Amino acid sequence: MSTMAVTNIGAIVSGDINKPLMEGDTILIVDGKIRQIGGKSILEGVMAGQVVDARGTTVIPGLIDSHTHPVLGDFTPRQKTLDYLDSSVHGGVTTMISAGEPHVPGRPKDPAGTKALAVLVHKCFKNYRPTGLKVHGGALILEKGLEEKDFAELAEAGVWLVGEVGLGGVKTPEEAAPMVEWAKKYGMKVAMHTGGTSIPGSSTVTADMVLKINPSVVSHINGGTTAIPTGEVERLIEESDLPLEIVQCGNPRVADFTARRLKEKGQLHRIILGNDSPSGSGIIPLGILRTIVQLCSLSGIPAEKAIAMATGNTARAFNLNTSVIEPGREADLVIIDAPLGSVGSDALAAIEAGDIPGVSMVIIDGIIRVKVSRNTPPSKRQAEIK
Ligand SMILES: [Zn+2]
């Protein structure tokens, strides 16, 4: 049995948007899962194998990037870059969800090829965890000719994601809707590109098409990179209850519009956050933190709620047992504080002031993976191992 205690915590952000701040200053982790949260007394009679002193700083759930385009390994041919996944863990990301692997050079576009790719990427990332990162890869790209039995076969092989509808050859609601229904029948989650054409070969998707195809998630409501008009955002807010993803590599004005509208309507639980990288916009290791800071400092969202958008909201949308601080969840935690020189006195105040917080520790499955981020500014107070 391996036991870890995180003590002396200044603030615990739960990841649950309905109750984003928690009581307590201590978290007990047993065998990679959160066992208990509370005061120091929860450690009575416990012989913790490892004790982390948070030194009065803030603990948040590990961030989920809901929109990534991996290939294989810690390399992206899109920007010819190595170690970008490791770099994201240094930005507080502990889980990534593929929105499709269209950057595979020479990607096959026949049913057998697109299926094989999804199975291969899914299985490789099950075995490959750079810096402990959980990459949910193998998001099927819909191509013409796929049949119901293909979805059954893929589900059998463990594939549970469909990459953004619109990336492949299947584009119209007539072609896509039946495939999306088969995918959901076999338990898959379906992302859907929304907005203008991102790269040559993909297509423009309107709110009307999203409503007809009815995916599990509206990918980049603020465009990747070109957004739908705000009138169409309004339609997706009003006429569906789908999760709406805001991405870093999108349109900042429409991100602001969406956040403000959902705040007014009391529906912030619908927003999830992604990077949409690697992409033409590059690789942004701090992209999820940057999006949180953007929504807090410019769109009036409280920091603990924006953090829930990048953690608990996404975990709920994709049925993941992580990124909420509660007993039984995978112990994926990030320790943050205001960066040196910030006007903010603690992490949440710094975020609301527009500063990227300093990450002083990343814990995945109860194991310390990063001690002092190489990508964020240094935090005022660093967590330390006792
Ligand atoms: Zn897209």
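The values are calculated or read from the model by the stated rules, or taken from the named source; none is laboratory data. This one's a predicted model, so the numbers in the text were calculated from it and none came from an experiment. Methodologically, a virtual Cβ is constructed for each residue, glycine included, from the backbone with ideal geometry; neighbour enumeration extends over all protein chains shown. What goes into the accessible areas is simple: the full protein's heavy atoms, side chains included, and nothing from ligands, DNA or RNA. Shrake-Rupley method; radii C 1.70, N 1.55, O 1.52, S 1.80 Å.
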Out of the residues in region 235-265 that are among the basic types (Lys, Arg) and either assigned to a helix (DSSP H, G or I) or modelled with pLDDT under 95 (or both), state the one that is surrounded by the fewest Cβ atoms within 10 Å (Cβ to Cβ). Arg253
Subset of region 47-70 [farther than 24 Å from Ile385 by Cα and either of a type in the set (D, E, K, R) or away from the ligand (no atom under 16 Å from the Cβ) (or both)]: Ile64, Asp65
Can we say Thr311 is outside the structural domain of Lys80 (by TED's automatic domain parsing), touching a residue at least 60 places away in the same chain (Cβ under 8 Å) and hydroxyl-bearing (Ser, Thr, Tyr)? yes
Could you run through region 91-136 and say how many residues are touching a residue at least 60 places away in the same chain (Cβ under 8 Å) and within 16 Å of the ligand (Cβ to nearest atom)? 7
Conditions: (1) under 30 Å from Val293 (Cβ atoms); (2) within 15 Å of the ligand (Cβ to nearest atom). Gly231 meets all but one. Number of the miss? (2)
With (1) open to solvent by 10 Å² or more (accessible area, probe 1.4 Å); (2) not assigned by TED's automatic domain parsing to the domain that holds Ala183 as the list, and Val13 as the residue in question, which single condition is left unmet? (1)
How do the pairs read when you match residues in region 259-281 that are within 16 Å of the ligand (Cβ to nearest atom) with residues anywhere that are at pLDDT 95 or above and open to solvent by 50 Å² or more (accessible area, probe 1.4 Å), using Cβ under 6 Å and keeping only pairs 6 or more apart or on different chains? Pro278/Arg78; Pro278/Gln79
Might you let me know whether region 101-115 holds any residue that is crowded, with 19+ Cβ neighbours inside 10 Å and touching a Ser or Thr at 6+ places or on another chain (Cβ under 7 Å)? no
Does Val254 meet the test of being within 15 Å of the ligand (Cβ to nearest atom) and either over 19 Å from the mean Cα position of the chain (by Cα) or in the same structural domain as Ile97 (by TED's automatic domain parsing) (or both)? yes
On the basis of being assigned by TED's automatic domain parsing to the domain that holds His122, within 18 Å of Ala139 (Cα to Cα) and open to solvent by 50 Å² or more (accessible area, probe 1.4 Å), does Gly274 make the cut? no
